[in-house]
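Trainee: Input: one structure, supplied below.
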Amino acid sequence: MFPHLGWLTLDWDELQGLSLLTFSTILPVTTSDGEVARPQLIFFFFSLYLVALAQGGHKPCVQAFGADQFDVNDPEECKARSSFFNWWYFAFSAGLFVTLFILNYVQDNVGWVLGFGIPCIAMLTALVIFLIGTWTYRFSIRREERGPFLRIGRVFIVAV
């Protein structure tokens, strides 16, 4: 249905991890003897590792995906591509600033539920924007093409 299902899967995994992380802060924290409940601790770390795995899967490739939307042979698009990287790093730094200062304040003074809920909502918004723009991407997989594993296998067969 969507041309870039790999990206969708990773974004969905990150959204799922952030949702589970938010949910883990809603659960009661301690048992009757004052210790952290072991199942909740496992649930919390599972959620945290799911977020880390999803980010590790798509963060290194996002810039290449964005740059791939520009034609390197067109001088105007070459300038736009350079501008893309400037805006990319600016947005990355601004997001880091917001996370370090605002979300840390929210988590320390308001609560962990809202502190994890805000990134979850931001990720949901980003995923919706990503899906809306899917139909406008320059390079997409056509429906008549085979799946990615068959195409990768075909490369090995041709190489041999």
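Trainee: Could you work out the local net charge near Phe70, counting Lys and Arg as +1, Asp and Glu as -1, over the other residues with Cβ closer than 14 Å to its Cβ? Can you show the working numbers first?
Mentor: Details: positive: Lys79, Arg81, Arg138; negative: Asp68, Asp71, Asp74, Glu76, Glu77.
The answer is -2.
Trainee: Summing +1 for each Lys or Arg and -1 for each Asp or Glu, what net charge is found among the other residues whose Cβ lies under 14 Å from the Cβ of Met123?
Mentor: Details: positive: Lys59; negative: Asp11, Asp13, Glu14.
Around Met123, the surrounding residues sum to -2.
Trainee: I'd like the Karplus ³J(HN,Hα) series for the stretch 115-121: coefficients 6.51, -1.76, 1.60, θ = phi - 60°, whole numbers in Hz, and an x wherever there's a Gly or Pro.
Mentor: Computed from phi, the couplings for the stretch 115-121 are x, 8, x, 4, x, 5, 5 Hz.
Trainee: Just the number, please: carbon plus sulfur as a percent of the accessible area of the stretch 27-133, 1.4 Å probe, no ligands or DNA/RNA counted.
Mentor: Values: 5330 of 7470 Å².
Reported share for carbon and sulfur atoms: 71 percent.
Trainee: Which value, in Å², gives the accessible area per residue of the stretch 54-115 when a 1.4 Å probe is used on the protein heavy atoms?
Mentor: Working: 4370 Å² over 62 residues.
It amounts to 71 Å² per residue over the stretch 54-115.
Trainee: Give, as a single signed number, the net charge of other residues whose beta carbon lies under 11 Å from the beta carbon of Gln55, with Lys and Arg counted +1 and Asp and Glu -1.
Mentor: Value of the local net charge: -2.
Trainee: How about the stretch 14-76: which GluC sites (Glu not before Pro) there are in a DSSP loop, with at most 14 other Cβ atoms within 10 Å of their Cβ? Before the final figure, lay out each step's value.
Mentor: Values: sites: Glu14, Glu35, Glu76; in loops: Glu35.
Counting only loop positions with at most 14 other Cβ atoms within 10 Å, the GluC sites (Glu not before Pro) in the stretch 14-76 are Glu35.
Trainee: In whole Å, how far is the Cα centre of the stretch 47-73 from that of the stretch 95-138?
Mentor: About 16 Å separates the Cα centre of the stretch 47-73 from the one of the stretch 95-138.
Trainee: What is the packing order of peptides 54-60, 108-114, taking the mean over residues of other C-beta atoms within 10 Å and listing the highest first? List each step's numbers first, then the result.
Mentor: Numbers: 54-60: 14.1, 108-114: 12.4.
Highest-to-lowest ranking by the protection proxy: 54-60, 108-114.
The values are calculated or read from the model by the stated rules, or taken from the named source; none is laboratory data. What you are looking at is a predicted structure, and each value in this text was computed from that prediction instead of being measured. Every residue, glycine among them, receives a Cβ derived from its backbone with ideal geometry; neighbour counts consider all protein chains shown. Remember, those area values only see protein heavy atoms, side chains included, never the ligands or the DNA or RNA. Shrake-Rupley method; radii C 1.70, N 1.55, O 1.52, S 1.80 Å.
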